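A quick write-up on the structure given underneath.
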Amino acid sequence: MVKAYDGAPIFSGFSLNVEKGDVIAVLGPSGCGKSTMLRCINGLEKIQGGDILLNGESVVKEEKDMPGVRKKIGMVFQSYELFGHMTVLDNLTLGPVKAKGEDKAEAEKRALALLDRVGLKDKAQSFPRNLSGGQQQRVAILRAMLMDPEIFLFDEVTAALDPEMVQEVLSLVGELAKEGKTMLIVTHEMEFARKVANRILFMEEGHIIEDTGPEEFFEHPTTERSRRFLEGLHYN
Ligand SMILES: Nc1ncnc2c1ncn2[C@@H]1O[C@H](COP(=O)(O)OP(=O)(O)O)[C@@H](O)[C@H]1O
Ligand SMILES: [Mg+2]
C-alpha cells in the first residue's frame with residue numbers, strides 16, 4: 001500500500017501478509033508509522049495506492065461497504081475509548097446489538113461472562129470514570145472481543161497506564177494470543193512481545209526492516225538498526 005499525509009509519504013510500497021493465528025508484535029521507534037499502519041488496516045486512514053485485503057475482501061473499497069469489513073477488525077487504542085455516559089455493560093453490548101443485530105439479552109449474557117472472566121462482573125453497572133485505567137482498558141479489549149473480529153489490532157494499549165496496571169492488561173492480550181486469535185500488537189513491552197508473539201515486525205521510517213521470530217530478533221538481530229533499537233531500550 002501507499003500512504004501519505006498531505007503529500008508527505010509515510011508508506012511507499014508497504015507490504016505485509018498476515019496469516020490466520022499470527023501474533024505479530026510491531027516494534028520500532030516513535031514516528032516510524034506503526035499507528036498509521038493499524039489505522040490504514042481498519043480503514044480509519046485512507047490509502048493512496050495498493051489494497052488491503054481481509055480474507056480476500058478489500059478493506060479500502062467504496063465507503064458504503066466499509067462497516068461490513070470493519071466489523072471483522074477489532075482495534076484497541078492507547079487511550080480507552082469507552083463512552084463515558086454509558087455503563088460498562090452498555091459499552092460492551094452496543095457494538096454487538098447495533099452493528100451486528102445481536103439480541104440484547106444474548107449480548108448481555110456474553111458480556112457478563114467475559115466480565116466475570118476478568119474479575120469485573122461487579123462493575124457491569126458502573127460508569128467508566130469509576131474504573132481504574134487498567135480496568136477500563138480491559139473493558140475496551142472485552143468490547144473488541146465481543147465483536148468476534150477476524151483480527152485484533154492493539155496500539156500501545158498499556159502505554160497510558162500506571163505501571164501496576166500494565167500486567168493485568170497484558171495478560172488479557174496474552175490469553176487471546178494463546179487462544180489462537182490473529183493479532184497485530186504495537187507495543188514497547190519487549191518481554192511481553194518476546195513471550196507472546198510468533199513474529200516480530202521491526203519498522204523504521206515506514207519500512208519493515210525485520211520480520212522474524214522473537215528468538216532471532218532478540219538474540220540475533222540481523223540489522224544494525226534493530227541492534228541499536230534494542231540497545232537503546234537496554235534490552236540486550
Ligand atoms: N494525522 C496525521 N497527519 C499528518 N501526519 C501524521 C498524522 N499521523 C501521523 N503522522 C506522521 O506520520 C508518521 C508516522 O506516525 P505514526 O504512525 O503515528 O508513528 P508511530 O505510531 O510509529 O509512532 C510520523 O511522521 C507522524 O508525524
Ligand atoms: Mg503510534
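Throughout, read-outs are computed from the coordinates displayed, never taken from laboratory work. None of these values were measured; they are calculated from a predicted model. Methodologically, a virtual Cβ is constructed for each residue, glycine included, from the backbone with ideal geometry; neighbour enumeration extends over all protein chains shown.
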Which whole-Hz ³J(HN,Hα) couplings does the stretch 158-166 yield from phi under the Karplus relation 6.51 cos²θ - 1.76 cosθ + 1.60, θ = phi - 60°, glycine and proline marked x?
10, 5, 9, 9, 5, x, 6, 9, 4
Neighbour-limited loop hits for GluC sites (Glu not before Pro), the stretch 54-128 (at most 12 other Cβ within 10 Å; DSSP other than H, G, I, E, B)
Glu62
For the stretch 168-181, Karplus couplings with θ = phi - 60° (6.51, -1.76, 1.60), whole Hz, Gly/Pro x
5, 7, 4, 5, 5, 4, x, 5, 4, 4, 5, 6, x, 5
For Glu45, residues with placed amide H under 5 Å, excluding near neighbours
Cys40
If R0 = 25 Å, then Glu57 and Arg117, at their Cβ-Cβ distance, give a FRET efficiency to the nearest 0.05 of 0.20
Which of Val69, Leu27, Gln167, positive extreme of dipole for the chain (C-beta unit charges):
Val69
Add -39500 (n - 2.57) for each DSSP H run of 4 or more in the chain, then divide by its residues: what number comes out at 222 nm, to the nearest 500 deg cm²/dmol?
-10500 deg cm²/dmol
Semi-axis lengths (Å, descending) of the ellipsoid that matches the C-alpha gyration tensor of the stretch 103-236:
33, 16, 12
Longer than 29 Å from Cα to Cα, which of Lys104/Lys195; Lys100/Lys181; Lys34/Lys61; Lys46/Lys181 are they? Say none if no pair is.
Lys104/Lys195
Just the ratio, please: alpha-carbon radius of gyration of the chain over 2.2 N^0.38 Å, N its number of residues.
1.03
Output the relative contact order of the chain, whole-number percent, from Cα pairs under 8 angstrom with separation of 6+ residues.
27
One quarter of the convex hull surface, Cα atoms only: what value does that give for the stretch 1-51 in nm²?
3.9
With the alpha-carbon atoms as the only input, what is the per residue convex hull volume for the stretch 40-158 in Å³?
111
Most packed first (mean Cβ within 10 Å per residue), the peptides 215-221, 87-93 order as 87-93, 215-221
Label-point separation (nm) for Ala160 and Lys98, each offset 7 Å from Cα along Cα-to-Cβ?
1.9
What size of dipole, in debye to the nearest 20, comes out for the chain about its Cα centre when the only charges are +1 on Lys and Arg C-beta atoms and -1 on Asp and Glu C-beta atoms?
600
Filter the trypsin sites (Lys or Arg not before Pro) in the stretch 27-122 down to the DSSP loop ones having no more than 10 other Cβ atoms within 10 Å, then list what survives.
none
Cut-off under 17 Å on the C-alpha distance; same-chain residues fewer than 8 positions from Lys121 excluded. Which aspartates and glutamates are left, in chain and number order?
Asp90, Glu106, Glu108, Glu168
At Ser132 and Thr222, where each label point lies 7 Å from the Cα along Cα→Cβ, what is the point-to-point distance in nanometres?
4.2
Scattering curve values for the stretch 1-109, log₁₀ I(q)/I(0), Debye with Cα scatterers, q = 0.12, 0.16, 0.19, 0.22 Å⁻¹
-0.55, -0.90, -1.14, -1.30
If you take the charge dipole of the chain about its Cα centre, with +1 on Lys and Arg Cβ and -1 on Asp and Glu Cβ, which of Gln135, Ile208, Ile47 is farthest toward its positive end?
Gln135
Listed by chain and number, the residues whose amide H is under 5 Å from that of Glu210, excluding neighbours fewer than 5 places away on the same chain and using placed H, are Phe202
Using the Karplus equation 6.51 cos²θ - 1.76 cosθ + 1.60 (θ = phi - 60°), what ³J(HN,Hα) coupling, rounded to whole Hz, does each residue of the stretch 26-42 give in order, writing x for Gly and Pro?
9, 10, x, x, 4, x, 7, x, 4, 5, 4, 4, 5, 5, 5, 4, 9
